[in-house]
Amino acid sequence: MISPKEVINELLVDVFNHILSIEADVLKKRGVKLSMTEIHVLEAIRNSETPTMGSVAQKLRVTLGTLTTSVNVLVRKEYVTRYSDENDRRKVYLKLTDSALNVLKIHDEFHNEMVSSLFKDLELEKDEVLMKSLENISKYFKQRY
């Protein structure tokens, strides 16, 4: 008999991997030529109150070196520009180009469609226990990691 821990682990990993795979396929079909990692970097830049290299790296939970590698590619592909603070040249800000904003619009549309489909097909709004459980799982991961 499979333990509840094994079931939860398998479900979390399976759902996570399926979402990433489906997301990559859908975005590719919609003309997006970026990797999911690159798209998530763009998303982190957009969602950062002050989009500096440091704040974006922290949001993504990666090192500055790792982020620098991704940003270099995104700058070369013309999805991101970077500029230094006039008063403190060590502080580097990131800015999304129109191309990046278009990719994020497509990405957001995918997420909206996915969640709407879940609500429609599974009638999630009727399942308060599931909603509370998902909320608790989310809080746990945010606090723990």
Neighbouring Cβ atoms within 10 Å as the yardstick, rank LEU20, LEU94 fewest first.
LEU20, LEU94
Using DSSP to call loops (not H, G, I, E or B), can you name the GluC sites (Glu not before Pro) in region 65-145 whose Cβ has at most 16 other Cβ atoms within 10 angstrom?
GLU78, GLU86, GLU123
Loop-exposed trypsin sites (Lys or Arg not before Pro) per DSSP, neighbour cap 16 Cβ within 10 angstrom, longest uninterrupted part of the chain
92-145
Using the Cα atoms of region 75-145 to build a convex hull, what is its mean projected area in square nanometres?
8.0 nm²
Using DSSP to define loop residues, name the GluC sites (Glu not before Pro) in region 1-50 whose beta-carbon has at most 13 other beta-carbon atoms within 10 Å.
GLU49
List the lysines whose Cα sits under 26 Å from the Cα of LYS91, skipping any in the same chain fewer than 8 residues away.
LYS59, LYS77
Pairwise label distance in nanometres, ALA24 with LEU12, each label 7 Å out on the Cα-Cβ vector
2.2 nm
Report D for region 4-144 in µm² per second (integer): Stokes-Einstein, Kirkwood Rh on Cα pairs, 37 °C, 0.692 mPa s.
191 µm²/s
Mind jotting down the distance between the C-alpha centroids of region 115-130 and region 59-91, whole Å?
38 Å
Charge dipole of the chain built from unit charges on the beta carbon (Lys, Arg +1; Asp, Glu -1), centred at mean Cα; most positive-end Cα among TYR83, LEU11, ASN136 is TYR83
Helix check for the chain. Which DSSP H runs span at least 27 Å along their own axis by Cα, with a mean Kyte-Doolittle hydropathy no less than -0.5?
4-29, 98-122
Taking the chain and counting helices only, DSSP H stretches of n ≥ 4 at -39,500 (n - 2.57) each over all residues, the nearest-500 ellipticity at 222 nm comes to -23000 deg cm²/dmol
Please give the FRET efficiency for LEU134 paired with GLU49, using the beta carbon to beta carbon distance and R0 = 30 Å, rounded to the nearest 0.05.
0.70
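Values quoted throughout were computed directly from the atomic coordinates according to the rules given, and no laboratory measurement underlies them. Keep in mind the model is a prediction, meaning the values are calculated, not measured. Virtual Cβ from ideal backbone geometry, glycine too; neighbours counted across all protein chains shown.
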